[in-house]
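The structure appears below as structure tokens.
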Amino acid sequence: MNVVLRKPQIDLDRIRADFPILSEMVHGRKLVFLDSAASAQKPRVVIDTMVRTLETRYANVHRGLHWMSERCSDDYEAVRDKVAAFLNADRAEIVFVRNATEGINLVAQTYGRTAMGPKDAVVVSEMEHHANLVPWQMLRDRNGPELRIVKITESGEIDFDDLDRKFADGRVKLLALTHMSNVLGTYTPAERLARFAHDRGAKILLDGAQAVVHRAVNVKAIDADFYVFSGHKLYGPTGIGVLYGKRTLLDEMPPFLGGGDMIRNVTFEASTWAEPPYRFEAGTPAIVETIGLGAAIDYVNAIGFDAISAHERSLTDHAMATLSSVEGLRILGSAQDRGGVISFALEGIHAHDVATLLDKQGIAVRAGFHCAEPLAHRFGVESTSRASFAMYTTTDEIDALVVGLKRVKQVFGR
């Protein structure tokens with residue numbers, strides 16, 4: 001008897017109905033939103049959860065003894081447990097920050113300042129978002145570690161031969177890499193990279209702002225030392241992000257900011273610090289946004305990453321094939337393992353013009369450097385247009401993009 005294994009599927013019509021903004025019209029046309037890598041749209045449950053919190057139980061957390069504060073504190077701290085389960089971590093290893101950028105800066109200004117000096121080195125890649133480049137430049141410029149840039153291949157993958165060379169002198173203390181490129185769509189081999197770093201006595205930080213949206217992430221299986229992501233790309237609100245850090249590392253790191261809630265005792269002479277994760281969460285947090293992130297995680301978990309990943313792989317394959325039919329279009333990168341982010345250039349037409357003319361057709365794409373200017377220079381382009389997909393994206397929308405690009409070419413007589 002042959003057993004037929006069905007691929008996990010999502011109910012795309014139901015999912016799209018969950019996102020109110022997808023029914024909006026733009027310039028008299030139905031919205032085609034292909035800019036989810038910048039910030040994803042929000043399902044109704046996230047919106048309603050945040051509104052309900054504001055209407056029925058909002059108060060400051062961790063401070064009050066009254067009903068409102070206790071209930072809101074419970075809701076807020078329940079999200080820490082949800083994030084911990086989402087990443088397969090312990091709740092004491094989950095630090096709430098504003099976004100992935102702040103998470104990386106926190107590591108640079110705490111672990112970086114205390115565990116690394118001028119004789120050490122940090123390695124990043126050519127395809128990093130500015131958020132995983134600029135903080136290390138700032139650390140280096142304050143008498144900190146040397147910053148080394150590992151090359152990527154023409155296909156947009158980590159050049160392991162060059163990585164070997166960067167580690168050859170034994171001075172590298174941290175490997176900080178994207179888990180999924182926001183420009184090329186490349187997934188980096190996280191587990192292999194973690195083993196590589198650990199075998200050479202280094203730690204690893206992974207920027208998961210893109211990856212965590214599209215695939216299940218298990219920080220224990222990866223053996224990541226640090227992992228960051230932003231809530232607004234995961235169908236949650238802006239203003240809330242997550243830093244995962246191994247407890248042994250967090251215990252040794254000094255505070256990032258000083259103020260209320262991150263202290264144990266305070267006198268005029270000195271202060272002592274709270275245990276992680278609260279040591280790194282000074283002041284009133286993003287309460288409503290954090291609760292919204294919890295709703296987004298529940299929503300994603302209910303659909304399941306098997307179904308989400310299968311849908312997005314199908315979208316990416318379709319997009320790569322159909323975009324190839326546009327004459328004069330160049331796609332950056334051709335990694336074997338890639339996600340639903342495609343950056344491209346149209347010969348003779350500036351990316352800003354492409355994006356503007358597509359917008360007139362109701363199609364939203366990104367244009368520019370995508371906060372990865374050195375990567376654009378690496379591929380010899382000044383800017384690109386970027387289409388990025390989410391669980392709610394359809395093949396019809398990708399087809400609309402292809403038609404739209406051909407109309408752009410007609411406008412320019414190409």
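Couple of notes before you dig in:
- In the chain, Cα pairs under 8 Å separated by at least six residues give a relative contact order of 23 percent.
- Reported to the nearest whole Å, the Cα centre-to-centre distance from the range 64-95 to the range 154-174 is 38.
- Between Lys360 and Ala221, the contour length at 0.36 nm per residue exceeds the alpha carbon distance by 45.5 nm.
- Top positive-direction residue, dipole computed over the chain with Cβ charges, set His179, His370, Pro43: His370
- Loop-located GluC sites (Glu not before Pro) in the range 251-318 (DSSP state not H, G, I, E or B) with no more than 13 neighbouring Cβ atoms inside 10 Å: Glu269.
- Ordering Gly28, Ala282, Val107 by the projection of their Cα atoms onto the charge dipole of the chain, which places +1 on the Cβ of Lys and Arg and -1 on the Cβ of Asp and Glu, puts Gly28 at the extreme positive end.
- Taken about its Cα centre, the range 310-364 carries a charge dipole of about 60 debye when Lys and Arg each add +1 at the Cβ and Asp and Glu each add -1 at the Cβ.
- Figure legend: label point modelled 7 angstrom from the Cα of Arg16 along Cα→Cβ; residues of the range 351-368 with amide N under 16 Å from it are 362-364.
- Rounded to the nearest 20 debye, the dipole size of the range 270-333 about its Cα centre is 160 debye, using +1 on the Cβ of Lys and Arg and -1 on the Cβ of Asp and Glu.
- Counting only lysines at least 8 places from Lys360 when in the same chain, those with an alpha carbon closer than 17 Å to its own are Lys30, Lys406, Lys409.
- Remark: spin-label model distance Met25-Met320 equals 3.8 nm, labels positioned 7 Å along the Cα→Cβ axis.
- Taking 0.36 nm per residue of separation and subtracting the current Cα-Cα distance, fully stretching the chain between Val51 and Arg142 would add 28.4 nm.
- Lysines with Cα under 17 Å of Lys119, excluding same-chain neighbours fewer than 8 positions away: Lys166, Lys173, Lys203
Throughout, read-outs are computed from the coordinates displayed, never taken from laboratory work. Everything numeric here is computed off the predicted structure, so don't read it as measured data. Please note: Cβ atoms are built from the backbone with ideal geometry, for glycine as well, and neighbour counts cover all protein chains shown.
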